[in-house]
Amino acid sequence: MLEITHHAVIQYRLPTTGEIVPLLQIAPSKNDAERVLLVSPELADVLATITAAHATRRRALGIP
């Protein structure tokens with residue numbers, strides 16, 4: 001059986017340099033542990049584009 005997860009792209013500011021880096025947060029629904037992965041800015045941009053397109057399509061179809 002597949003497990004339902006929640007994914008989010010979050011920002012983290014490095015304490016030493018102040019640079020902001022993108023992180024992919026994966027939170028499972030049940031038994032597994034939360035994961036946070038460092039991703040490239042390019043991958044974060046692609047994930048944000050996909051998420052925005054998905055949200056736009058859901059709104060166009062009237063899905064909350």
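No lab work stands behind these numbers, since they all come straight from the coordinates. The model shown is predicted, which means the values in this text are computed figures rather than measured ones. Cβ atoms come from the backbone with ideal geometry, glycine included; neighbour counts cover every protein chain shown.
Under the definition of Cα pairs under 8 Å and six or more residues apart, what whole-number percent is the relative contact order of region 5-60? Could you put the intermediate results ahead of the total?
Values: 68 pairs, mean separation 15.2, N = 56.
Rounded, it is 27 percent for region 5-60.
Per q in 0.13, 0.14, 0.18 1/Å, what log10 I(q)/I(0) does a Debye calculation on the alpha-carbon atoms of region 5-60 return?
Listed by q, the Debye log ratios stand at -0.42, -0.48, -0.72.
Full-extension gain between LEU14 and LYS30, please, as 0.36 nm times their residue separation minus the C-alpha to C-alpha distance. The partial results should precede the final answer.
Numbers: separation 16, 0.36 × 16 = 5.76 nm, distance 3.02 nm.
Result for the pair: 2.7 nm of gain on full extension.
Less than 14 Å Cβ to Cβ from ILE10, Lys/Arg counted +1 and Asp/Glu -1: what total charge do the surrounding residues give?
With Lys, Arg at +1 and Asp, Glu at -1, the net is +1.
Working from Cα positions, state the angle (0 to 90°, nearest 10) between the long axis of helix 41-60 and the longest principal axis of the chain.
With rounding to tens, the tilt is 20 degrees.
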